[in-house]
1. In the range 85-116, which residue that is charged (D, E, K, R) and without any contact (Cβ under 8 Å) to a residue 12 or more places away in the chain is surrounded by the most Cβ atoms within 10 Å (Cβ to Cβ)?
2. Looking at the range 117-144 only, could you name the residues that are in contact with a Lys or Arg (Cβ under 7 Å, 6 or more places away or on another chain), in contact (Cβ under 8 Å) with a residue 24 or more places away in the chain and part of a strand (DSSP E or B)?
3. Return yes or no: is Ser305 within 24 Å of Ala45 (Cα to Cα) and within 15 Å of the ligand (Cβ to nearest atom)?
4. Scanning for something in a loop (DSSP other than H, G, I, E, B) and surrounded by 23 or more Cβ atoms within 10 Å (Cβ to Cβ), does the range 369-389 turn up at least one residue?
5. In the range 90-110, how many are touching a Ser or Thr at 6+ places or on another chain (Cβ under 7 Å) and in a loop (DSSP other than H, G, I, E, B)?
6. Only one of (1) away from the ligand (no atom under 13 Å from the Cβ); (2) outside any strand (DSSP E or B) is not met by Gly65, so which one is it?
7. Looking for whichever is in contact with a strand residue (DSSP E or B) (Cβ under 8 Å, 6 or more places away or on another chain), modelled with pLDDT of 95 or more, over 19 Å from Lys355 (Cβ atoms) and among the β-branched types (Val, Ile, Thr) here; the options are Val34, Val112, Val78, Val107. Which one fits?
8. How do the helices (runs of 4 or more DSSP H) wholly within the range 408-495 filter down when requiring 3 or more residues that are more than 16 Å from the ligand (Cβ to nearest atom): which remain?
Amino acid sequence: MSHSTHYFTGSRDGKRPPAGDPLRKAKDHYDVVVVGSGLAGLTAANILGRAGHSVCVLEQHYNFGGLATWFKRRGGHVFDISLHGFPIGMQKTCRKYWGTSISDRIVQLEGVRFDNPQFQFDTTFTREDFTHKLVDVFGCAPATVESFYETLRAMNYYDDDGRTTAELFEEFFPGRNDVHRLLMEPISYANGSTLQDPAITYGIVFSNFMSKGVYTFTGGTDLLIREMRTILARNGVDVFGRSQVDEITVEHGRVRGVRVGTREIRAETVISNAGLKATIERLVAPDHFDNAWLDAAKQTRLNCSSTQVYMGLGPGEDLPWIADLLFTSTRPEFDSASLADMHGQSRTFSFYYPKVRPGTGRHTVVSSMNADWADWADLSEPDYAMAKARLEEDTLAALEVHVPEIRSKLTHVESSTPRSFAFYTQHTQGASFGTKFEGLRYSMELPQQIEGLFHSGSVGIIMSGWLGAANYGAITANKVDARIDSLAAETAPTS
Ligand SMILES: Cc1cc2nc3c(=O)[nH]c(=O)nc-3n(C[C@H](O)[C@H](O)[C@H](O)COP(=O)(O)OP(=O)(O)OC[C@H]3O[C@@H](n4cnc5c(N)ncnc54)[C@H](O)[C@@H]3O)c2cc1C
């Protein structure tokens, strides 16, 4: 079995990145420059390109998709980073903003399993099955469960009453740590939120999941991003990799464009899909902001980062059916903060059977844990290597409980840490899911600080994950479209 302990920043498709100036084909001016090719950036770019605006996407990595990505390893292994599950809403979002070649490939996961000292069962993660579990397994009153769902459904961004998720759970299911675990654990993995985050973030995200189950993309992330690039090209969007935006340039309070090394590309509108903190703390010079606003925006807290272990089965090896997603823990009781413990007892396994990439016959398993930057950031290289080796060993031991013969089937094991995510995306502290709730406000207020500068991407918990990011890209594109129309009206000759 090959073990690899370096970052997953090597060539992900086995090919060397092309040499030469990556921006040689870029124009000197676009209507819109998008900084970053995450799902929010790509979705915004596609909508604006489709509307007839000239758009380019500048991505610092040579591959595209941001955290919606994959990598390949010798021996035919392909590993997905963040293709574990998203709500049904992604189907509609993709149909509307990308078309049916993408939305038709979105299919429901067949099974989600929980295995911890408080409960063990399989669920389809649909509202119907969750209700059945809450009522028949946990013994909750049906009226309480319905009223809980209705309360969540009614929640929206403008009605934040300051309640935390812990308080919400206590109101409906007092003292029921097991119920809290069922309700919170999957959401903590999905967006890094904890019991201490605002109840409305929980309500909005849980309601999205709790309609018709959990979904995935058939063909894998590589196919998704390849198809998105084809559609972008069709819509005239220029996409450039290896293009590190060093600065978003501003003149007289208005965005002027971006600087990539010594090259400036001008644009009346810039959408930053880089992290919110990187956008306001690194990409724009501080004197362009109102001081009080900037000071407050800098206080925005980040969500956690992640660790992952990627395990590839050799060709011809089989994996018994367990589930698509397995939430497993040996902690007797649930507390959401402990999900980010450095060598914690809780992890999620994603099992990728051949149905994910039909025709390949291959199986991979990816385990994910939430993680804190501080635990990993300052380790010396030897300590870092040791911590990674321990992470891999702990993960294999946990997987062996479910697949006893797993070690003999694996031909590749590799891990990533908050340092990998920071290196790869340039997100502050390797944040996997953007910022805490307060970040959404600063993200949305950016154009009031600098005319023509927008932020779009994982932020505020609600706008995180594949669906949240793609939807935020669409919301931002609509605002930008309206801005371009009004600029055109301003400059149109009067008869
Ligand atoms: C381990 C893990 C598991 C996850 N699992 C799931 C899941 O199962 N389901 C789900 O829905 N979500 C999941 N997510 C979250 C989801 O992947 C993200 O929320 C989403 O993909 C983020 O999209 P985004 O548009 O915010 O941009 P990102 O994906 O964060 O991309 C930002 C892009 O900007 C680029 N960039 C940054 N700075 C610059 C610069 N200066 N110049 C040029 N380019 C720059 C980066 O290189 C990157 O490509 C997971 C995340 C992680 C880390």
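The values are calculated or read from the model by the stated rules, or taken from the named source; none is laboratory data. Everything numeric in this text was worked out from a predicted model, so none of it was measured. Reconstructed Cβ throughout: ideal geometry from the backbone, glycine too, with neighbour counts over all protein chains shown.
1. If we take residues in the range 85-116 being charged (D, E, K, R) and without any contact (Cβ under 8 Å) to a residue 12 or more places away in the chain, then Arg95 is surrounded by the most Cβ atoms within 10 Å (Cβ to Cβ).
2. Residues satisfying the conditions are Asp122, Thr126.
3. Working: within 24 Å of Ala45 (Cα to Cα): no; within 15 Å of the ligand (Cβ to nearest atom): yes.
For Ser305, the condition - within 24 Å of Ala45 (Cα to Cα) and within 15 Å of the ligand (Cβ to nearest atom) - is not met.
4. no
5. 2
6. The single condition Gly65 does not satisfy is (1).
7. It is Val34.
8. 439-449, 465-491
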